[in-house]
1. Any residue that is assigned to a loop (DSSP other than H, G, I, E, B), out of contact with any Leu (no Cβ under 8 Å at 6 or more places or on another chain) and in contact (Cβ under 8 Å) with a residue 60 or more places away in the chain - is there at least one of those in the range 98-112?
2. Considering the range 150-176 alone, what residues qualify as being at pLDDT 75 or above and either among the aliphatic types (A, V, I, L, M) or assigned to a loop (DSSP other than H, G, I, E, B) (or both)?
3. Say we look at the range 182-196 and pick out the residues that are among the hydrophobic types (A, V, I, L, M, F, W, C) and either buried (at least 18 other Cβ atoms within 10 Å of the Cβ) or assigned to a loop (DSSP other than H, G, I, E, B) (or both); which of these is farthest from ligand 2 (Cβ to nearest atom)?
4. Checking residue 324 against (1) within 16 Å of ligand 3 (Cβ to nearest atom); (2) surrounded by fewer than 23 Cβ atoms within 10 Å (Cβ to Cβ), only one condition comes out false. Which one?
5. Inspect all residues belonging to the range 330-344 and state whether any of them is part of a loop (DSSP other than H, G, I, E, B) and within 16 Å of ligand 3 (Cβ to nearest atom).
6. Which residue is farthest from residue 396 (Cα to Cα), if the candidates are limited to the range 55-76 and must be modelled with pLDDT under 75 and among the hydrophobic types (A, V, I, L, M, F, W, C)?
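The values are calculated or read from the model by the stated rules, or taken from the named source; none is laboratory data. Everything quoted here is computed from the prediction, not taken from an experiment. As a convention, Cβ positions derive from the backbone with ideal geometry for all residues, glycine included, and neighbour counts pool all protein chains shown. With ligands, DNA and RNA removed, areas are computed over all heavy atoms of the protein, side chains included. Shrake-Rupley method; radii C 1.70, N 1.55, O 1.52, S 1.80 Å.
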Amino acid sequence: MGKRWALIAATLVALVVAVSCYDEEGGRWEGGEEGGTGWREGEDWFLLQDSKHVVRTDAGDMRVVSGFGGRFMKSPMHIGFITMEPKTLFIPQYLDSSLILFVRRGEGRVGHIYKDELVERRLRMGDIYRIEAGSAFYLINPEEGQRLHIVCSIDTSQSLGFQTFQPFYIAGGMYPSSVLAGFDHLTLATAFNVTEAELGEMLTRQMNGPIVYLSNTHSPSIWSKFLDMEQNQKLAHMRRIVRIREDDLKAEEEQPTWSFRKFLPSIFKRKEGKGGKTGKGPDAYNIYDRKPDFQNNYGWSTALDESDYSPLKHDDIGVYLVNLTAGSMMAPHINPRAIEYGIVLRGAGTIQIVYPNGSLAMNAKVTEGNVFWIPRYFPFCQIASRTGPFEFFGFTTSARNNRPQFLVGANSLLHKLRGPEFAAAFGLSEGRLNEIINAQRESTILPSATVAPPEEAAQVKLHREEVANVMSRFGNEMVMGFD
Ligand SMILES: *[C@@H]1O[C@H](CO)[C@@H](O)[C@H](O)[C@H]1NC(C)=O
Ligand SMILES: *[C@@H]1O[C@H](CO)[C@@H](O)[C@H](O)[C@H]1NC(C)=O
Ligand SMILES: *[C@@H]1O[C@H](CO)[C@@H](O)[C@H](O)[C@H]1NC(C)=O
């Protein structure tokens, strides 16, 4: 009894908060000062379509789909898509945002500075790997025959600018230019203990952009050399960058302090361990190796949080993956704590989102590569098209305690709330309400009525009328918004 009221109270609080937040904004969330991305209320608000190429070279590209900012999302999450051709390198850089990488296809290697050491990891399809804001990193596609596709979250909560993210290329030349180039050349030459001419050589060669081929017959890449370096040299190189980064961030007001001692490479032995591991640091986590958290005949879903993969705790971001069979649906549910971002990996489907006031906010078809987002508290469901499986992957802004609450199905909130008071709230007898909510025996992932066998379909139809009737009596009930 007590538990039930607590749930009712929590649901009402969530709804009231959602409704009042919304009204405060006059039914409109502003994109923020710089965020005038021109969204209008309605479907296109939930489908993220503002996509820009931030890198495009012969050797690969990176496209970023911007999330919305505003009062309720001070630091929106952006979604990045990185494609690297075979035998290429994304040159060392650091970002003012943290990244969570997901290897969609192909294999690669990531190197980055973790606790002052260079950590290199082999990445394969399905791997999740986090790179901290400000940590210098590079990506390599060492394979001969296959492209590397990475989808990543870009968490801007530590970014310098408002809702943007900024790469700082450590290495570089004419294009991209290295952050090092900004320093006074004599200072820098002294710091590196090289002549200004040597420094000039280092800072002007690179002109192929941030993603480069490792072996270019016309101009042997300086990067091939970088990758052939011994681990300790590579570390020294990366360290130099990191030290300079630390100083660079302070450089606006203060004169950077240089210490030769800091630049001296520490000697540590190259130890390429099992599975392509070098250096101490977290491993990648493969989401496909994991047993699904939920599975039935209609599909499966899995969600990772910090208890599964500890690096997620730093940003408090969760990762999930859902695979629905043709014609199935993820039952209507809400995220009580998190904003959810979704990326369609395979197939096609429909996303339905409902406003807190119980009207349909979006009913949009999505296909591979589309990005959508769901505000916290908003009820929503995903439905696979009848032509094939529908696979989507994404990020939630809370790795902790975001237990999605289902509104329909055998595990729904309606079951937990059931009782005379709840039935009275629908204007029904307890028995009748039970009949209705017990009709669906599956939970979480449901067969869609449209593909159900004929007898069952007729029964479902009857219930639809009944449900409509119930919902209209309940007034503003949020479930009403669904089609
Ligand atoms: C519900 O809220 C949305 C968004 O503010 C608005 O467009 C819609 O007209 C409202 N519907 C009802 C039935 O109040
Ligand atoms: C700078 O280089 C010179 C010769 O190349 C070397 O003798 C000297 O020790 C170096 N200084 C530092 C601080 O590394
Ligand atoms: C998703 O499910 C389909 C069958 O419905 C299957 O063919 C496919 O391999 C699954 N995807 C993954 C990543 O397991």
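1. no
2. 150, 151, 154, 166, 176
3. 183
4. Going through the list (1) within 16 Å of ligand 3 (Cβ to nearest atom); (2) surrounded by fewer than 23 Cβ atoms within 10 Å (Cβ to Cβ), residue 324 breaks only (2).
5. No, the range 330-344 contains no residue that is part of a loop (DSSP other than H, G, I, E, B) and within 16 Å of ligand 3 (Cβ to nearest atom).
6. 72
The rows are residues; the columns are (1) of a type in the set (Asp, Glu); (2) surrounded by 19 or more Cβ atoms within 10 Å (Cβ to Cβ).
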site	(1), (2)
92	no, yes
101	no, yes
107	yes, no
127	yes, yes
133	no, yes
155	yes, yes
158	no, no
168	no, yes
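The rows are residues; the columns are (1) over 15 Å from the mean Cα position of the chain (by Cα); (2) among the aromatic types (Phe, Trp, Tyr).
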| position | (1), (2) |
| --- | --- |
| 375 | no, no |
| 387 | yes, no |
| 392 | no, yes |
| 397 | no, no |
| 407 | yes, no |
| 425 | yes, no |
